[in-house]
Amino acid sequence: MATMIGSGLSNQIGAATGSLAFPVLGPLGVVAVRQYVAAIVLIAVGRPRPRSFTWRQWWPVLLLALVFGTMNLSLYSAIDRIGLGLAVTLEFLGPLAIALAASRRRADACWAVLAAAGVITLMRPRPSADYFGMGLGLLAAVCWASYILLNRTVGRRIPGAQGSATAATLSALMFLPVGVVLAIRQPPTASAVGCAVAAGVLSSAVPYLADLFTLRRVPAQAFGLFMSVNPVLAAVVGWIVLGQRLGWIEWAGVGAVVVSNALSIVGRVKAEATPQRTPQQTPQ
């Protein structure tokens, strides 16, 4: 439990710390540094041997690299425009959509409606609404859903963390020209680079290693249930670290998304735990 809480807080504090470098590096520069850090960590953990990959193994890795970079860039760009809490809540719709789409239970249809109501609340028309920023948050959600599906495919075709490590390396190479151009055009300050590196460590390295540790000791359902709290953690960290206060209507929207995911997971756990009756067991 302590590891899961630490992982969630680390992820959101890292994103908040990275946003402090936006005035100097912009979201693009911060994401570039984060990708470099993620690649270094995953190479050390996964020790990939890409020369042995076949084309059947390579194509999901290439797609995963593209999705990985796009996901982080769209999320950090959304954070820059609409704040940490709302951006992470919208991004969280990605894994929630996968979970609900895979279910055939009627109750999950209700939770989908609840999540949709939360999104409509967050994206309601108002003078200060930044619809482009919201669109970036939804793009991050699509990328996160694609990231999950591609990771499953890569995990089935490539042993260990070699596929993820290779994808992270390719994604970092994609952002390498960006880092060079930004460094030449406007030499970054030490504090800005430090914030970007901290974002990479706190939002990539720490959560990845913590999740590896946690999933060996905690059931996947319990882990998924705790993941539901991430939008709330993001809103709280955004408020404390960045001064981004949410109104009660925004809190209601965040709560609807969080509760819909939590109830969906609890319902699946109960359904799996309920024994199926055979014809001999059916009461007359």
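The values are calculated or read from the model by the stated rules, or taken from the named source; none is laboratory data. Since the model is a prediction, treat every value here as computed from it, not as a measurement. Just the protein is used for accessible areas: all its heavy atoms, side chains included, with ligands, DNA and RNA removed. Shrake-Rupley method; radii C 1.70, N 1.55, O 1.52, S 1.80 Å.
Calculate one ³J(HN,Hα) per residue across region 199-214 by plugging θ = phi - 60° into the Karplus curve 6.51 cos²θ - 1.76 cosθ + 1.60, and present them in order as whole Hz with x for glycine and proline.
Per-residue couplings from phi come out as 4, x, 5, 6, 9, 10, 5, 4, x, 5, 5, 5, 5, 4, 5, 5 Hz.
Give me the accessible area per residue for the chain, probe 1.4 Å, as a whole number in Å².
On the way: 14330 Å² over 284 residues.
Per-residue accessible area for the chain comes out at 50 Å².
Residue separation times 0.36 nm, minus the C-alpha to C-alpha distance between residue 54 and residue 251: what's the value?
Numbers: separation 197, 0.36 × 197 = 70.92 nm, distance 4.75 nm.
Result for the pair: 66.2 nm of gain on full extension.
Roughly speaking, to the nearest percent, how much of the chain's 1.4 Å accessible area is carbon and sulfur? Intermediate values should be presented prior to the final figure.
On the way: 9820 of 14330 Å².
Roughly 69 percent of what the probe reaches on the chain is carbon or sulfur.
Could you tell me how far the Cα centroid of region 17-42 sits from the Cα centroid of region 65-110, in Å?
Between the Cα centres of region 65-110 and region 17-42 lies a distance of 20 Å.
How fast does region 1-269 diffuse by Stokes-Einstein, in µm²/s, taking the Kirkwood radius from C-alpha pairs at 25 °C and 0.890 mPa s?
On the way: Rh = 18.9 Å.
Taking Rh from Cα pairs, D becomes 130 µm²/s.
From the C-alpha gyration tensor of region 50-192, pull out the three semi-axes of the equivalent ellipsoid (sqrt of 5λ each), sorted largest to smallest, in whole Å.
Working through the eigenvalues yields semi-axes of 30, 26, 9 Å.
Enumerate the amide H contacts of residue 244 below 5 Å, restricted to partners 5 or more residues apart or on another chain; note that Pro and chain-start residues carry no placed amide H.
Residues meeting the criterion, in which the H sits 1.01 Å from N, are 239.
Debye calculation, C-alpha points only, no solvent: report log10 I(q)/I(0) for region 1-128 at q = 0.15, 0.18, 0.19 Å⁻¹, in the same order as the q values.
Debye intensities relative to I(0), on a log10 scale: -0.98, -1.20, -1.24.
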